[in-house]
Structure formats: C-alpha cells, structure tokens
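Readers should treat all values here as calculations from the given coordinates under stated rules, not as data from a laboratory. Since this is a predicted model, take the numbers as computed values, not measurements. Neighbour counts run over all protein chains shown; Cβ positions are idealised from the backbone, glycine included.
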Amino acid sequence: MNLGDFQLPGFVVRATVLSFVLQVAAIGALHTYRFRTTDNHFAFGWEMGCIGKALAQGRGFSDPFCVPSGPSAWEPPLYPYLIAVVFSTCGIYSRGSAWALLTINSLFASLTCIPIYLIATKTWSVKVGRWATWTWALLPYTWYWSIHWIWDTTLSPFLLSCIFLFALELQEWLGVRAWLLFGALWGVAALLNPSLLSFLPFSGLWAWSRRRKRALQSLVGVVLASLVFGMIVSPWLVRNYRLFGRFVFVRDDFGQQLRLGNGSEAHGRSMVYEQPNLNPVELERFLAMGELRYGEDRGREAKTFVRENPVTFLVLSLKRFFYYWASVPKPDDGWLVAILRRSVFLASSALAFWGLARALCRKLEGACLFALLLLSYPAIYYVVYPHARYRHPIEPEMIILIIAALVGQTADSAQNSTT
C-alpha cells in the first residue's frame, strides 16, 4: 500500500496533538525556557546557538564558540539557520526565542507519532502500531529531548523515521516519485545531521534488493535519487570549498570529536574539558590555527594515539559500546540514581533487541531493515564517544521493537495458556 492511499486513524491524530500540547505545557511548568546566561549564553544551543547568533547579526555562518573566529563548517547548516531565523524574529538568546525553538522541537517530536504508527503497522500489526504511537506520545523521556535541548535532537528522529518508512515503501512503489522523495529526505538529513548518513547505503541496498525480488526496475530511481541528493547538498559543499579552499563534506569537526574520545586520559566518555568553550588553552589554539587546521590537528593526535595503543583503543571501544546501550555514567550521580538510570536504559536496549530477534525469527517484513539500522547507525559512536542523545535518532524504531516484544510476548502467552 502506497502512503498516498493511506489515511491515519483518529487516535494517531489525537496522540500527536495531545503529545504536543503536553510538551508545550511542560516547557512552561518546568521553566525549561530559562537557560544559563554565563559563558556567552553557550548553553543556549551550544555551537549551533553561537552560529545562529552570528547569522542573525549578519556575520555569516561563523564563530561556533561565540568569539570571532571566521567562517565555519563546525556544524551542519540547517538547525543553526533555524536558530538564526528565530533569533531575528524573537531576539537573540531571548526567552521568546527559547519558547519558539523548544515549541518547534516539541512539534517534531509529536509528529514522529505518524511514521511510528505507519512503520509499526506495516511491519507488525495495528495493535503494535497503536501501543507504539501512544508510548512515544506520552513517554516523558521523549519529552526530555524536546523541552530541554536546543539542538536537532527531535528533528533527527522524525526525519530518520520518515526515511525508514520510505525505504519500506520503496520495495513495492511503482514509478520514480518515491525515489525522488527518498533522495530529497537524505539530502535534508545530510544538512541536518550527517551522522544519519551511516544508514543511507544500507537503506538503499535493502530497498533495491527487495525490489529486485519483485522484478521491479530500480536503476533509474537510484540515479534520480542520487541527483536530487546531490542538488540539495552541493550548494553547501560549494560554499565550503570557496571559503576553505578544499573539499569539506558538510562539517569539519570530526577530528575534534575523535580526539575527545581517544587520548592518554580517555575513559570511554567524552573528555569535555578539552573542548574550546571549556578550555582556554584549546580556545587559544583554535583561534590561532583556524577551524580547519585545528580539527585536522586534533584528528592527527587521536589517530596517533589509536595507532600506538591498539589494545587500549579496543578496550575503549568496547566500553563505548556498553555505554551507548546502557547509558553513559555521570560522575555526579549517586549510586542509587546511577543504578536506576542504567537499569532502565539497558532494559530498553535489551527489549529492543529482543523484539528485533523475534522479527528476524518470524521473517517479518522489514526485520532486516530494523537490524541494519541498529547495527549501522551507532557504529561511529563506538569509535568517538557515546551520549544518551546519540541513541535518540533510532529510538522511534526501538520503541516499535520494544512494544512488539512486550505485546507479542503477551499474545503468545495468552495463546499458549488456551492450548
């Protein structure tokens, strides 16, 4: 069934609207629109907020640490431009801007109910779709990212869920329209959060292989999707080449991210104290070397450490793997809070993989696509460093798998008890 032929049930609309209303109410009740004003308002959007400020002040896409440092590609462009539009309308670092951006985040978090229902219904059942939709809509953990973080943290799950849904539809959709939309979604994803691109080849190859089994042609669609992707991304790449004199794919901070997770003091988490906004020495180095050279130099340091300490790097990667799925420990957590938080986080990961195993065993439609997502997307964070928000883009699909595991197990138990 093509998406254009499908009508959403009323409860999906109600869940979406209720989730949005409750999140906006939570912004006001919890005063999450109040951000720390120290450190040049850095907590208001971090590097993206600083770039948004520069854009709103007419200084271009620059200054990721809120000090004059020149043109930047430290972050992907879409969300900083959104911040800039809001700043220009509601005031730079104002509470009005905070309200607007958190409300936008809440809107996208709520809209994610729609692809969740469609994915769950197509791959499992209406029952799983209903439970997954309401769980996402009313889960306070989901709201945390929308009402506290001025970042792309809610746009990324929404966009990735739409991409996942289109990959499912591509296996049977006739014509090229779906391929054009698929390429457009991936182009927007690249400019919003390039980390999402780790899933691109797997989603495309999965859709192509499924279409091949149905004797459907894909070559023209793949070419058109690639062209649309290139048309969306290329203006930003041209901009980067003109400013930096070399090819920079979307953003240039990977060397820094690699170094924050790998070094003589590495412990499996981010060494945040080495970030320029927290470390005056690193900030001075950033300003003296320039953004591009600084990122490259930090990357060389990390690669040297990995090359000279392969066993330590392997141990760190295993720790990062565990932290990604079981939560990153926080030094200021008491032992009871740490145990509770880690238990819940780890349990959710375990349930998602349980649901995945059930889907694979039953050879359900899309089971392999779920597996490819859970295997491909987190891989880069095993190399750099994990954070709870780095799991959030794939949590809509995890919610579906968790509900499928629980609801499916209940159904199996009920069936066994009657036989």
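Report, in degrees rounded to the nearest 10, the 0 to 90 angle that the Cα long axis of helix 395-418 makes with the longest principal axis of the chain.
In the chain, helix 395-418 runs at an angle near 30 degrees to the longest axis.
What longest range of the chain stays clear of loop-exposed trypsin sites (Lys or Arg not before Pro) (DSSP non-H/G/I/E/B, at most 13 other C-beta within 10 angstrom)? Let's see the in-between values first.
Numbers: sites that count: R34, R36, R214, R246, K363.
By the stated rule (loop sites, at most 13 other Cβ atoms within 10 Å), 37-213.
Under 1.5 on a/c is rounded, so check that first for region 311-412, then, if it is not, pick prolate when a/b is larger than b/c and oblate when it is not; a ≥ b ≥ c are the square roots of the alpha carbon gyration tensor eigenvalues.
oblate
Give the aspartates and glutamates reachable from K213 as a straight Cα distance under 14 Å; neighbours fewer than 8 places away on the same chain don't count.
Those aspartates and glutamates meeting the cut-off are E172, E365.
Cut-off is 10 Å between beta-carbons; in what order do T312, T38 appear when sorted fewest neighbours first?
Ascending Cβ contact count within 10 Å gives the list T38, T312.
Among rounded, prolate and oblate, which fits region 252-305 when a ≥ b ≥ c are the square roots of the eigenvalues of its C-alpha gyration tensor, a/c under 1.5 means rounded, and a/b larger than b/c means prolate?
Oblate is the answer for region 252-305, as a/c is 1.5 or above yet b/c matches or exceeds a/b.
Calculate, in nm to one decimal, what R239 and S198 gain on full extension: separation in residues at 0.36 nm each, minus their alpha carbon distance.
Value of the extension gain: 12.4 nm.
Once the other residues with Cβ under 14 Å from the Cβ of F61 are scored (Lys, Arg +1; Asp, Glu -1), what is the net sum?
-1
May I ask you to work out the translational diffusion coefficient for region 129-196 at 4 °C, viscosity 1.567 mPa s, via Stokes-Einstein with Rh from the Kirkwood sum over Cα pairs, reported in whole µm²/s?
Answer from the Stokes-Einstein relation: 95 µm²/s.
List, in order, the whole-Hz ³J(HN,Hα) value for each residue of region 106-121 obtained from phi through the Karplus relation with A = 6.51, B = -1.76, C = 1.60 and θ = phi - 60°; use x for Gly and Pro.
Along region 106-121, the couplings run 5, 4, 5, 4, 5, 4, 5, 4, 5, x, 4, 4, 5, 5, 5, 5 Hz.
Using alpha carbons only, how many degrees (0 to 90, rounded to 10) separate the axis of helix 10-29 from the longest principal axis of the chain?
So the helix axis and the longest Cα principal axis differ by about 30 degrees.
Given the rule -39500 (n - 2.57) for each run of at least 4 DSSP H residues, summed and divided by the residues of the chain, what is its mean residue ellipticity at 222 nm, to the nearest 500 deg cm²/dmol?
Helix contribution divided over all residues of the chain: -22500 deg cm²/dmol.
Can you put S19, S218, S195, S234 in order of Cβ neighbours within 10 angstrom, beginning with the fewest? Provide the component values of the computation, followed by the final result.
Values: S19 26, S218 19, S195 22, S234 11.
Ranking S19, S218, S195, S234 by Cβ neighbours within 10 Å, fewest first, gives S234, S218, S195, S19.
In vacuo Debye scattering of the chain, one point per C-alpha: log10 I(q)/I(0) at q = 0.07, 0.12, 0.14 Å⁻¹?
-0.35, -1.10, -1.48
Using Cα-Cα distances under 8 Å and only pairs 6 or more residues apart, what relative contact order does region 311-412 have, in percent?
Value for region 311-412: 40 percent.
Does anyone have the angle between helix 280-289 and the longest principal axis of the chain? Alpha-carbon axes, 0 to 90°, nearest 10?
80
Which chymotrypsin sites (Phe, Trp or Tyr not before Pro) in region 156-250 pass both tests, a DSSP loop state and at most 12 other beta-carbon atoms within 10 Å?
Loop-located and lightly packed - F247.
Would you mind finding the longest exposed-site-free stretch of the chain, with exposed GluC sites (Glu not before Pro) meaning DSSP loop and at most 16 other Cβ atoms within 10 Å?
Longest stretch, sites excluded: 1-171.
Relative contact order for the chain using alpha-carbon pairs under 8 Å, separation at least 6, rounded to a whole percent?
Reported as a whole number, the value is 16 percent.
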